[in-house]
Amino acid sequence: MRAYRAWLKKPAGPNRGFMTNCLFCRIVAGEIPANKVYEDNQLIGFWDIAPKAPVHVLLIPKQHVSSLYHMDDSNQGLIQAMIVAAPVLAKQLGLSDGFRLIANTGEACGQTVHHVHFHILGNFTDSGDTGFPA
Ligand code: 5GP
Ligand code: ZN
């Protein structure tokens with residue numbers, strides 16, 4: 001019980017593993033379906049349910065980390081994996097002209113799912129709409 005209490009007090013971070021009340025942890029676990037476009041041992045990529053561009057996928061770590069603010073030195077490998085995978089995935093999705101990489105961090109700046117994720121957006125139309133305010 002004491003160990004459980006200590007675990008609960010931990011900031012939601014790299015050592016939290018699976019969070020039952022986290023939407024993206026549940027997608028990683030296969031409890032909620034997602035249209036997957038990428039998977040490796042640390043990450044998955046899947047289509048955003050409400051796309052803000054013709055191509056809009058989310059790249060997330062399999063382990064629960066709440067946001068970029070919750071990453072620290074122990075997550076260096078994970079951060080590197082995410083940054084390296086993003087352009088690989090963007091190319092696979094046909095975004096040879098370029099892509100936007102967005103990580104909303106904190107509710108004040110638009111983060112609605114508290115499991116760190118990169119938005120990869122591209123193939124914008126001629127309207128000049130780039131999915132998020134620049
Ligand atoms: P945020 O607002 O936290 O930066 O991004 C969360 C994203 O998750 C939003 O773009 C939203 O459309 C997407 N999203 C929310 N619920 C689901 C879901 O159940 N499945 C998928 N694929 N995307 C979701
Ligand atoms: Zn999570």
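Every number here is computed from the coordinates shown, using simple stated rules; none is lab data. This is a predicted model, so every value here is computed, not measured. Every residue, glycine as well, gets a Cβ built from its backbone with ideal geometry; the counts of neighbours run over all protein chains shown.
Taking the convex hull of the alpha carbon positions in the range 72-125 and averaging its projected area over all directions gives 4.7 nm².
Projected label points at Thr112 and Ser74, each 7 Å from Cα along the beta carbon direction, are separated by 3.1 nanometres. Residue exposure proxy: Cys109, Cys25, ordered by other Cβ atoms within 10 angstrom of their Cβ from fewest to most, comes out as Cys109, Cys25. When only alpha carbons of the range 7-122 are considered, Rg and Dmax amount to 13.6, 45 Å.
Given +1 at the Cβ of Lys and Arg, -1 at the Cβ of Asp and Glu and no other charges, the dipole of the range 2-122 around its Cα centre is 420 debye to the nearest 20. Label reach from Leu101 (point 7 Å along Cα→C-beta): in the range 48-81, amide nitrogens under 11 Å belong to 79-81. You can think of it this way: the chain between Ile83 and Asn123 has 12.4 nm of extra reach, that is 0.36 nm per residue less the Cα-Cα gap.
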